[in-house]
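What follows is a set of notes on a single structure, which appears directly below.
The values are calculated or read from the model by the stated rules, or taken from the named source; none is laboratory data. Please read these numbers as outputs of a predicted model, since none were measured by experiment. Virtual Cβ from ideal backbone geometry, glycine too; neighbours counted across all protein chains shown. The protein model used for the area step is the full one, side chains on, heavy atoms only, and it has no ligands, DNA or RNA in it. Shrake-Rupley method; radii C 1.70, N 1.55, O 1.52, S 1.80 Å.
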Amino acid sequence: MTNKPLQILLTGIGINLTIGILYVWGIFTVPLAEALNVVVENVVSPYKISVFTFATCLLIAGILQDKIGPRKVAMLGVSLVGFGLIASGYTTTLAELEFTFGGIVGAGMGFAYACISPSAMKWWPEDKKGLVSGLTAGGFALASVYLAPLSTSLIDSYGIYDTFKILGAGLLAIAIPCASLLVDPPTGYIAAPLEVKAVSSDNINLNWQQMLKTPQFYQLWIMFMVSSAAGIMLIGSVGSISKSIGLTSDKIAFGVVLLAIFNTGGRVVGGLISDRIGRVNTLALIYMLQAGNMAFFTIITTQIPLMVGIAVGAMSYGALFSVFPPMTADNYGLKNYGTNFGILYSAWGVSGFFGSFLATVAGSTNNTYFAFSALLVTVTVIAFFTKPVDKAAILGEEVNQLKVVKA
């Protein structure tokens, strides 16, 4: 393939399609509970640990790939996911599964995922960053569309442990060659801009220390945390709502597939729209959709409204992952993007804890929906007050401060 930007983009999507195992954890819970002789509720612990490890290692991987490039870090990541899945096929206790899936697989996903978006965005021009980010992130969400039926079929035929081994071996065979193709552009590379800019703030890069000095970082962090927590809470409640209104297992399964499709579509469409109308306007649109949908969930009693709510919620949640990455690159540059976005991504890492805290304070499910709706209106206002970072001004201030110190 001679089109290097397209090759890197397709490679990144391919890697994310192989490592998106988190989205099908629900399929593993019952057979794992039976195999480990524990109650189903306890089997959520490897998943929770994996999510936390994912977010933590994404930051570490961001720092590493900024220093040594994406190839080595991505190859380490996919290797950890593959071997972690294989090791999960030999576990006999919940603690062992927490280590293999929660620790090893979670770390691998963080290392691999951290390299995809920054590498791809560096190859494409400024006006395509949102779309590229959405397409790569969409691969991770889309994985459940094929992994769900594949895993179900493998479990029925071979059992849960052999399923882990087969999935791990297949991932290693596909993802390691893909990861070996992941590289940053050569020094001096220019991604075919629409127009040449002689001097532009877009060409200035800030490191993480400089990023933390800007108020925009904290605005972005709060917005990302609140909106992610709302999305996670809504997605997590789909199963219980489906059962409460009497849906059959087939209808519940359809809801899960619908969720995956709109989660993926939201990532692609969100990135495309943000390239056209701007990141802030896109975030405001997402938040208002989320706010209205949260209130809508308090009155759902039948299947069709639930499916509409799932579609809107999944699309809005997915769009977050195609807007915040390019917004980070816009504000702080691509050179240190891995580290900078890794720090911002901590907002997603704590969003689940925030959602649980808010649910406890609210006292009921409906009150939690209304509380999230109010918070989402609040972050909509914050979004409109979030101005682009003036990178040149920040660097100029630091230079002036250095001159004063030397004087």
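Quick notes on this one:
- Contacts under 7 angstrom Cβ, first residue in segment 279-299 being among the basic types (Lys, Arg), partner open to solvent by 40 Å² or more (accessible area, probe 1.4 Å) and part of a helix (DSSP H, G or I), 6 or more apart: Arg279/Asp330
- When Cys115 is tested against (1) in contact with a Lys or Arg (Cβ under 9 Å, 6 or more places away or on another chain); (2) modelled with pLDDT under 95; (3) more than 20 Å from Asn336 (Cβ to Cβ), just one condition goes unmet, and that condition is (3).
Residue-by-condition table, conditions (1) of a type outside the set (Ser, Thr, Tyr); (2) surrounded by fewer than 23 Cβ atoms within 10 Å (Cβ to Cβ); (3) closer than 24 Å to Thr301 by Cβ:
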residue	(1), (2), (3)
Trp221	yes, yes, no
Met233	yes, no, yes
Gly265	yes, yes, no
Gly271	yes, no, no
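- Any chance Ile160 is β-branched (Val, Ile, Thr), in contact with a Ser or Thr (Cβ under 6 Å, 6 or more places away or on another chain) and either open to solvent by 10 Å² or more (accessible area, probe 1.4 Å) or in contact (Cβ under 8 Å) with a residue 24 or more places away in the chain (or both): no
- So Gly292, is it at pLDDT 90 or above, open to solvent by less than 40 Å² (accessible area, probe 1.4 Å) and over 25 Å from Trp25 (Cα atoms): no
- Of all residues in segment 352-407 being crowded, with 17+ Cβ neighbours inside 10 Å and among the polar types (S, T, N, Q), the one that is modelled with the lowest pLDDT: Thr386
- The listed residue being within 17 Å of Tyr23 (Cα to Cα) and at pLDDT below 95, out of Val280, Val238: Val238
- Qualifying positions in segment 163-183 - under 19 Å from Leu64 (Cβ atoms) and either open to solvent by less than 50 Å² (accessible area, probe 1.4 Å) or part of a helix (DSSP H, G or I) (or both): Ala175, Ile176, Cys178, Ala179, Ser180, Leu182, Val183
- Residues located in segment 131-153, provided they are closer than 16 Å to Ala112 by Cα, within 11 Å of the chain's Cα centre (by Cα) and either surrounded by fewer than 24 Cβ atoms within 10 Å (Cβ to Cβ) or modelled with pLDDT of 85 or more (or both): Ser133, Thr136, Ala137, Gly138, Gly139, Phe140
- Helices (runs of 4 or more DSSP H) wholly inside segment 1-116 containing at least 2 residues that are buried (at least 19 other Cβ atoms within 10 Å of the Cβ): 4-19, 25-36, 44-68, 70-88
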